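The values are calculated or read from the model by the stated rules, or taken from the named source; none is laboratory data. Not measured: the values here are computed from a predicted model. Cβ placement follows ideal geometry from the backbone for every residue including glycine, while neighbour counts extend to all protein chains displayed. When the accessible area is computed, the model is the full protein with side chains, heavy atoms only, and any ligands, DNA or RNA have been set aside. Shrake-Rupley method; radii C 1.70, N 1.55, O 1.52, S 1.80 Å.
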Amino acid sequence: MPVTTADVGSSPASNPRASTPIVIRALRIGFAVLGAVALVWIPLRNIDVEAFSVANYFSYFTILSNVATIVVLLVGGLLDPGSRTWQSVRGAVTVYMVITCAVYAVLLANIDVMLTDRWINDVMHRLLPLVLLADWILAPPRTKIEDSQVLQWLAFPAVYGVYSLIRGEFVDWYPYPFLDPREQGYVSLAIGLVVLTVALTLLALAVGAVGRLAARWRYRNDAHASFV
């Protein structure tokens, strides 16, 4: 099959800017290892504690987002894919971690969410969200991320909320107070979730906009970039 000019222009070899700098890739791997250590520390430490529930641990949005973060950082560091699909995955996980950081800061800073070790708490709720956001800015997507695509990323938080409410009814346990209807009732819960949904939507759109602005600046002289 003949090789077209478009094929050549889109390859990392013919377009060096398509490749992420080695320093950023190395940092991705380093932070992925740190995140993995933080993620498994509590389950390993509590493996013989009867009250500890692995199912509950992996029912926290924070934990699921950090699992996705470790995968994204490792794949980005080792393979550095450049496809449109991968850039969308990066953006989605960045949004989830920004949500993790913001919700923790506003709603959960003084509440026990099972992460009693301060260094683990800081890594999962503060450091890794900042790392992903910085990565999104310093190595922005080469293809334009539309707002409609950003809104699709919110499907996971929505599914997570439904899962938490349904599971909570069966196990009588909810990961976060704002998802717990037992004391506040379903009317207050619904109102709170509507407000939270609006806030998270604006947050996600902001992350998408930051990625577009960073891409315009980073690739402004790159004829192969397709972010405009």
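Couple of notes before you dig in:
- Length gained when the stretch D180-A155 is fully extended (0.36 nm per residue, less Cα-Cα span): 7.0 nm
- Whole-number accessible area per residue in Å² for the chain, which is evaluated in the context of all protein chains at 1.4 Å: 54 Å²
- Nearest-ten-degree value, helix 61-78 long axis tilted from longest Cα axis of the chain: 20 degrees
- Cβ-placed point charges (K, R +1; D, E -1), dipole of the range 132-228 about Cα centre in debye, nearest 20: 560 debye
- Proximal charge balance of Y186 [Cβ under 13 Å; K/R count +1, D/E count -1]: -2
- Using alpha-carbon coordinates, inclination of helix 181-218 to the longest axis of the chain, degrees: 20 degrees
- Size descriptor for the chain, Kirkwood hydrodynamic radius: 19.1 Å (Cα pairs only, one decimal).
- Dipole magnitude for the chain: about 980 debye, using +1 per Lys or Arg Cβ and -1 per Asp or Glu Cβ, origin at the Cα centre.
- Computed from Cα atoms, the angle from the helix 22-45 axis to the main principal axis of the chain rounds to 20 degrees.
- Computed over the range 13-148: relative contact order in percent, which uses C-alpha pairs under 8 Å that are six or more apart: 34 percent
- With both labels modelled 7 Å from their Cα along Cα-to-Cβ, the F52 to I29 distance reads 3.0 nm.
- Each of W136, W217 has its accessible area taken with a 1.4 Å probe; listed largest first, they run W217, W136.
- Rough spin-label spacing in nm, given labels placed 7 Å along Cα→Cβ, for A190 and L107: 1.8 nm
- Charge tally in the Cβ shell below 15 Å around L74, where Lys, Arg are +1 and Asp, Glu are -1, L74 excluded: +1
- In summary, the range 97-153 shows an alpha-carbon radius of gyration equal to 1.38 times the 2.2 N^0.38 Å reference for compact globular proteins.
- If a spin label sat at a point 7 angstrom from the Cα of Y163 along the line to its beta carbon, the backbone N atoms of the range 175-201 nearer than 17 Å would be those of 175-176, 179-180.
- The mean sequence distance of close C-alpha pairs (under 8 Å, at least 6 residues apart), as a share of the length of the chain, puts its relative contact order at 24 percent.
- Rg ratio (alpha-carbon, reference 2.2 N^0.38 Å) - the range 134-228: 1.47
- Mean residue ellipticity (222 nm) of the chain, computed from DSSP H runs ≥ 4 via -39,500 (n - 2.57), nearest 500: -21500 deg cm²/dmol
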